[in-house]
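Just below is one structure, and these are the notes that go with it.
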Amino acid sequence: MMRNPTPSVTLGLLVTLAACSDRPAPAVRSAAARPFEVAAGVPFAVDPRESRLRNLRQLTFEGENAEAYFSPDGKRLVFQRTPDSGGCDQIFTLDLATGTTVMVSTGDGRTTCGYYYPSGDRVVYASTHHHDESCPDEPDFSRGYVWPVYDTYDLFLTELNGREVEQLTDTPGYDAEATVSPRGDRVIFTSTRDGDLDLYTMALDGTDVRRVTNRLGYDGGAFFSPDGGRIVWRAHYPQEPAEQADYRTLLADELVRPSVLDIWVADADGSNARQITDNGAANFAPYFHPSGEKILFSSNMDDPSGRDFDLYMIGVDGTGLERVTRTPGFDGFPMFSSDGRWLVFGSNRNESHAGNTNVFIAEWVEEPPTSEGG
């Protein structure tokens with residue numbers, strides 16, 4: 001479950017009529033040749049220190065919104081929302097041309113982590129609705145800040161109308177946090193089916209499940225590289241016996257403590273795994289830069305209180321750390337559109353109340369005129 005670790009405009013065909021002139025008529029350009037422009041939401045001022053962002057827009061304005069991910073064509077998002085009226089998170093899509101928002105989950109139980117299939121007409125997400133229509137119990141925060149990893153989560157595939165729902169996993173334990181390879185052949189997800197929180201991949205129809213990680217600790221929030229050959233994820237591997245015992249006790253109660261997380265990368269089958277961050281902070285929500293040689297992620301490394309999360313970029317070799325956002329509060333869940341032009345993320349900026357999170361989108365500036373240091 002990806003949580004905050006703190007409490008197209010449709011263009012008509014262009015027809016060019018040649019004037020009575022000796023000059024040749026200008027070439028006809030189809031609508032498809034023009035780059036897609038986001039029209040949903042409203043413009044929002046960019047913090048001048050955030051030189052990687054321009055043409056920032058706020059896309060959501062009600063409820064609590066997070067984990068917004070692009071469709072393959074970059075014209076829609078899928079995201080999760082807790083309504084202002086309360087209840088559980090549900091999965092929605094948002095049309096980036098019109099702003100039209102549609103719920104595609106069932107409306108029952110709790111859902112998390114929606115992601116488009118390669119066809120763009122189906123979404124995979126995790127849900128508890130098949131076990132209980134009501135919301136599962138909230139976690140026990142008397143044990144510190146913890147995330148729930150409900151063993152009633154399974155993965156489901158739905159058409160965008162929300163009416164055709166197919167269950168992809170049906171094993172005891174937590175199955176969630178699914179994303180799909182750009183190659184269009186594999187889904188990666190987190191599961192407790194073998195007694196620990198590990199990464200697995202499967203075919204698009206839920207068959208051919210393969211375990212990717214097998215080290216004691218939490219492996220989650222994985223994404224594939226642009227070429228599908230590597231993965232990046234967040235992890236916490238307890239080392240000391242007392243820490244390992246605490247991890248096992250919490251997991252037995254369907255909980256995990258996310259106060260320290262690090263970013264790891266590996267080949268898509270889990271081989272050649274290596275740690276990218278080592279700063280004692282909560283580093284999570286990693287996503288590959290379009291080059292495949294850098295990673296964007298969210299971290300509280302620069303806030304001693306641990307409550308202020310910003311976006312950072314780092315090389316896959318662990319060098320070249322750069323701070324991308326500097327607005328107070330939370331910035332997280334970054335994802336690039338497939339063409340690398342747009343970046344979507346969740347943020348507390350312009351919050352309607354303390355901790356309110358909404359979805360924002362901006363054009364990514366690959367070569368900013370000035371660059372803030374890390």
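Quick one: which of ASP267, ASP262 is more than 20 Å from GLN239 (Cα to Cα) and acidic (Asp, Glu)?
The match here is ASP267.
I'd like the full set of residues that are touching an Asp or Glu at 6+ places or on another chain (Cβ under 7 Å), part of a loop (DSSP other than H, G, I, E, B) and under 23 Å from PRO226 (Cβ atoms), limited to region 52-74. Explain how you work it out, then say what you get.
Looking only at region 52-74, we keep the residues that are touching an Asp or Glu at 6+ places or on another chain (Cβ under 7 Å), and these are 54-55, 62-63, 74.
Add one more test, that the residue is part of a loop (DSSP other than H, G, I, E, B), and what stays is 62-63, 74.
GLY74, the sole residue that qualifies.
If the Cβ limit is 6 Å and pairs must be 6+ apart or interchain, which residue in region 167-178 that is open to solvent by 10 Å² or more (accessible area, probe 1.4 Å) pairs with which residue that is outside any strand (DSSP E or B)?
Filtered contacts from region 167-178: LEU168/GLY206; THR171/ARG193; GLY173/ASP151; GLY173/THR192; GLY173/ARG193.
Could you look through region 330-340, keep only residues that are touching a Gly at 6+ places or on another chain (Cβ under 8 Å) and outside any strand (DSSP E or B), and pick out the one that is least open to solvent (accessible area, probe 1.4 Å)?
Taking region 330-340 and keeping what is touching a Gly at 6+ places or on another chain (Cβ under 8 Å), we get 330-333, 337-339.
Going one step further and asking which of them are outside any strand (DSSP E or B), we end up with 337-339.
Numbers: SER337: 8, SER338: 97, ASP339: 110 Å².
So the residue we want is SER337.
Among (1) open to solvent by 60 Å² or more (accessible area, probe 1.4 Å); (2) in contact with a Lys or Arg (Cβ under 7 Å, 6 or more places away or on another chain), there is one condition VAL265 misses while meeting the rest; what is its number?
Status for VAL265: all satisfied but (1).
What residue, among those in region 290-317 that are open to solvent by less than 30 Å² (accessible area, probe 1.4 Å) and assigned to a loop (DSSP other than H, G, I, E, B), is nearest to SER181 (Cα to Cα)?
Looking at the filtered set, the residue picked out is GLY292.
Filtering region 101-148 down to residues that are of a type in the set (A, V, I, L, M, F, W, C) and within 17 Å of GLU164 (Cα to Cα), which residue is most open to solvent (accessible area, probe 1.4 Å)? Quick ask: steps written out before the conclusion?
Quick first cut of region 101-148, residues of a type in the set (A, V, I, L, M, F, W, C) only: 102-104, 113, 123-124, 126, 135, 141, 146-147.
When the remaining residues are screened for being within 17 Å of GLU164 (Cα to Cα), the result is 102-104, 123-124, 126.
Working: VAL102: 62, MET103: 78, VAL104: 0, VAL123: 0, VAL124: 0, ALA126: 0 Å².
Taking the candidates together, the pick is MET103.
What are the pairs, 6+ residues apart or on separate chains, where a residue within region 289-317 that is modelled with pLDDT under 95 has its Cβ under 8 Å from a residue that is open to solvent by less than 30 Å² (accessible area, probe 1.4 Å)?
From region 289-317, the pairs are GLY306/THR6; GLY306/ALA281; GLY306/ALA282; GLY306/ASN300; ARG307/THR6; ARG307/ASN300.
Of all residues in region 165-182, which are in a loop (DSSP other than H, G, I, E, B) and more than 21 Å from PHE70 (Cα to Cα)?
Once the filter is applied, which keeps residues that are in a loop (DSSP other than H, G, I, E, B) and more than 21 Å from PHE70 (Cα to Cα), region 165-182 yields LEU168, THR169, ASP170, THR171, PRO172, GLY173, TYR174.
What number of residues in region 136-169 are closer than 26 Å to TYR117 by Cα, among the charged types (D, E, K, R) and in contact with a Pro (Cβ under 9 Å, 6 or more places away or on another chain)?
1
Mind listing whichever residues of region 67-100 are open to solvent by 20 Å² or more (accessible area, probe 1.4 Å), under 17 Å from the mean Cα position of the chain (by Cα) and under 14 Å from ASN358 (Cα atoms)?
ARG81, THR82, PHE92
Assess whether SER352 counts as being closer than 22 Å to SER225 by Cα, touching an Asp or Glu at 6+ places or on another chain (Cβ under 9 Å), open to solvent by 50 Å² or more (accessible area, probe 1.4 Å) and hydroxyl-bearing (Ser, Thr, Tyr).
Here the answer is no, as SER352 does not meet what is asked.
The values are calculated or read from the model by the stated rules, or taken from the named source; none is laboratory data. These figures come from a predicted structure and were not determined experimentally. Here the Cβ is made from the backbone with ideal geometry for all residues, glycine too, and neighbour counts use every protein chain on show. Accessible surface areas use protein heavy atoms only, side chains included; no ligands, DNA or RNA. Shrake-Rupley method; radii C 1.70, N 1.55, O 1.52, S 1.80 Å.
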